[in-house]
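*Asks:* This structure is in structure tokens; I'll ask about it shortly.
Values quoted throughout were computed directly from the atomic coordinates according to the rules given, and no laboratory measurement underlies them. What you are looking at is a predicted structure, and each value in this text was computed from that prediction instead of being measured. We place every Cβ from the backbone using ideal geometry, glycine too, and count neighbours over all the protein chains shown.
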Amino acid sequence: MILKKLSIKSVEFYRYFISPLFGQKCRYYPTCSEYALWEYKNDNFFSATVKTILRILRCNQLFRGGIDYPVITKKIKPVYGKKEKIDFWYIPTKKKNKYIVIKANNE
């Protein structure tokens with residue numbers, strides 16, 4: 001849990017202090033830093049780290065880019081009678097317990 005929080009804080013530091021110095025150059029949507037945040041918030045630390053590194057390695061002129069949402073493995077249990085804030089939508093894929101993660105618009 002500590003590694004996960006440290007990783008999230010590191011990505012947020014990069015997004016707010018380092019990334020503005022270089023401008024927007026990411027070839028994907030969501031951006032690589034946003035992708036990393038979504039991964040760390042929705043997947044385990046090691047899986048999120050591997051997927052984030054692979055995504056960053058793909059973010060160059062040799063790859064086309066485009067829309068590339070995170071895909072996570074998660075067992076979802078229904079929630080009854082509770083009102084919860086929705087931060088992310090989980091869109092099921094054809095594979096069992098695999099979901100595409102999309103950030104909810106909470107404005």
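*Asks:* Mind scanning Lys5/Lys51; Lys25/Lys51; Lys77/Lys98; Lys51/Lys74; Lys5/Lys83 and naming the pairs with a C-alpha gap bigger than 22 Å? Walk me through the numbers on the way to the answer.
*Replies:* Details: Lys5/Lys51 17 Å; Lys25/Lys51 19 Å; Lys77/Lys98 14 Å; Lys51/Lys74 15 Å; Lys5/Lys83 25 Å.
The pairs that break the limit, which is 22 Å between Cα atoms, are Lys5/Lys83.
*Asks:* By how many nm would the segment from Ile76 to Phe17 grow when fully extended, if each residue of separation counts as 0.36 nm and the alpha-carbon distance is taken off?
*Replies:* Computed gain between Ile76 and Phe17 is 17.7 nm.
*Asks:* Please report, in debye to the nearest 20, how large the charge dipole of segment 24-99 is about its Cα centre when each Lys and Arg carries +1 at its beta carbon and each Asp and Glu carries -1 there.
*Replies:* 340 debye
*Asks:* Charges on Cβ only, +1 for Lys and Arg, -1 for Asp and Glu, centred on the Cα centroid of segment 2-103; of Phe22, Phe46, Ser33, which one is farthest towards the dipole's positive end?
*Replies:* Working it through, the farthest residue towards the positive pole turns out to be Phe46.
*Asks:* Expressed as an acute angle from 0 to 90° and rounded to the nearest 10, what is the orientation of the C-alpha long axis of helix 32-42 relative to the principal long axis of the chain?
*Replies:* 20 degrees
*Asks:* While we're on this one: Farthest toward the dipole's positive end in segment 2-103, which of Ile76, Ile2, Ile86, given Cβ charges of +1 (Lys, Arg) and -1 (Asp, Glu) about the Cα centre?
*Replies:* Ile76
*Asks:* Let me ask something else about it. Over the chain, with a Gaussian network built from C-alpha contacts below 10 Å, which listed residue (Lys82, Lys96, Lys25) shows the highest mean-square fluctuation?
*Replies:* Largest GNM mean-square fluctuation: Lys82.
*Asks:* A follow-up question, please. Once the piece of chain linking Lys103 and Lys85 is laid out straight, how much longer is it, given 0.36 nm per residue of separation minus the C-alpha distance between them? Mind showing how you got there, number by number?
*Replies:* Working: separation 18, 0.36 × 18 = 6.48 nm, distance 1.21 nm.
The span from Lys103 to Lys85 would gain 5.3 nm if fully extended.
*Asks:* In addition: In a Gaussian network model over the chain where Cα atoms closer than 10 Å are linked, find which of Glu84, Glu39, Glu12 has the largest mean-square fluctuation.
*Replies:* With Cα springs under 10 Å in the chain, the top fluctuation among Glu84, Glu39, Glu12 is at Glu84.
*Asks:* (1) 14.6; (2) 16.2; (3) 15.1: which one is Kirkwood radius over Cα pairs in Å as calculated from this entry?
*Replies:* It is the one labelled (3).
*Asks:* Using the beta-carbon distance between Leu6 and Lys94 and R0 = 41 Å, what value does 1/(1 + (r/R0)^6) give for FRET efficiency, to the nearest 0.05?
*Replies:* FRET efficiency, Leu6 to Lys94: 0.75.
*Asks:* Now a separate question. For every helix of n ≥ 4 consecutive DSSP H residues, a contribution of -39,500 (n - 2.57) applies; sum these over the chain, divide by its total residues, and give [θ] at 222 nm rounded to the nearest 500 deg cm²/dmol.
*Replies:* So the calculated ellipticity at 222 nm is -11500 deg cm²/dmol.
*Asks:* Additional query: Have a look at Thr31, Thr49, Thr93 and tell me which one the Gaussian network model of the chain (Cα, springs below 10 Å) gives the largest fluctuation.
*Replies:* Thr93
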